[in-house]
Structure formats: C-alpha cells, structure tokens
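Below: the structure, in structure tokens.
FYI, it's all coordinate maths here, none of it is from the lab. None of the values given here were measured: they were computed from a predicted structure. Glycine gets a Cβ as well: all are built from the backbone with ideal geometry, and neighbour counts include every protein chain shown.
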Amino acid sequence: MLISNEMNAAINQQIGREFSSSLQYVAIAAYFDADHLSELAAHFFQQADEERMHAMRFVRYVLDAGGQVEIPEIPAVRSRFANAEEAVRSALDGEITVTKEINSLVDLASRQNDHITQTFLQWFVTEQLEEVSSTDALFSVIRRAGEGGLLHVEEYLARRRPQARASAGEGAE
C-alpha cells in the first residue's frame, strides 16, 4: 500500500466531504431553480458535478494507492435559505472549509513524507484557489445586486458561460 492507514482514513473522510459538498450544491441549485433562476441553478448544478468528480478523484487515488475506500455517512444538507445571498454565502463558506480540509491533508502527507500523496493533492490546492475565488466573486455580485437584481446576476452568468466553456477547452475546434 502506497499510503498509510492514517492517510487512507483521512482521504476517506474527504471523499465523504466532497460528496456532501456535491449534494449541498444540488440543494442550492434546486433553491434557485424553484425561483426560475435558470442560470444560477445551472451554475450550482455544474458545481455539484465538479464536487462529485473531486470525490471520484479521491476514490480512484485510494484504489490506485492500494488503499481501502470506505465512504463515511453523509449528513443531511441544508435545503432552505432566506435569500440568494444566504444560499451563495453557504457555498462560499463550504469552499473555505474544503480548502482548510485539503490543507490538512497536505500537512498530513508532509508530516508522513508521503510525496506521492503530496503530488496528488497539489491539483486540489490549485483547484481550491479557483473555487474560492469564483464563489467569492459570485457572492459579491449577488450582494451588490440584492434580491431585486437577481435577473442581472442571471445575465452576468449567461455572459460568462461561453467564456468559461472556452477557457475549459470546450467548444474549441
């Protein structure tokens, strides 16, 4: 086995957190979808897919490293929000928490001189910068727009979507 039992257990906990984050994003997307805010809903459904993909990256890593995948119980997610700002604030808080959790995994790998896991985790460190930055930007836009300006936020997201696809390499010929 290429990872310690302690690292295996810590990554299994992170797998659960990533799946939980995915479900939380589904709940946020459903909140916006119920108000027919389709761009906000699509944004958070996409985030849910990304978090699931993160969980699956961890699963694949544990398996490739000869570890044992044991997915922990996933707690219930929050489904009700007072307003859009509260919903997006919960997403931002979640990304900040995940960043701290990834940093803790990096710290553990460093303490154990586990260079393979450290290298694997670097992708997540970089990803968390993007996740926190983009969620913080969306939170700022929603705060400025207020509840009465959510259609402006919809337009903002609609304008950004083609750019996001192009930067991800989608739609390029």
For the chain, averaging the sequence separation of alpha carbon pairs under 8 Å that lie six or more residues apart and dividing by its residue count, the contact order in percent is 27
Exposure proxy check on 74, 15: fewest-to-most Cβ neighbours within 10 Å is 74, 15
A student applying the Cα gyration tensor rule (rounded when a/c is under 1.5; otherwise prolate if a/b is larger than b/c, oblate if not) would label the range 68-146 oblate
Looks like the range 1-97, by Cα gyration tensor root eigenvalues a ≥ b ≥ c and the a/c under 1.5 rounded cutoff (else prolate when a/b is bigger than b/c, oblate otherwise), is prolate
Most exposed first, judged by fewest Cβ atoms within 10 angstrom, 85, 154 run 85, 154
At the level of C-alpha centres, the distance separating the range 65-103 and the range 1-49, in angstrom, is 6
Per the rule of 0.36 nm per residue minus the C-alpha distance, extending residue 5 to residue 70 adds in nm 22.2 nm
Two pseudo-spin positions, 7 Å from Cα along C-beta at residue 85 and at residue 46, lie apart in nanometres by 2.5
Nearest 10, in degrees from 0 to 90: the angle of helix 84-111 to the longest Cα principal axis of the chain is 20
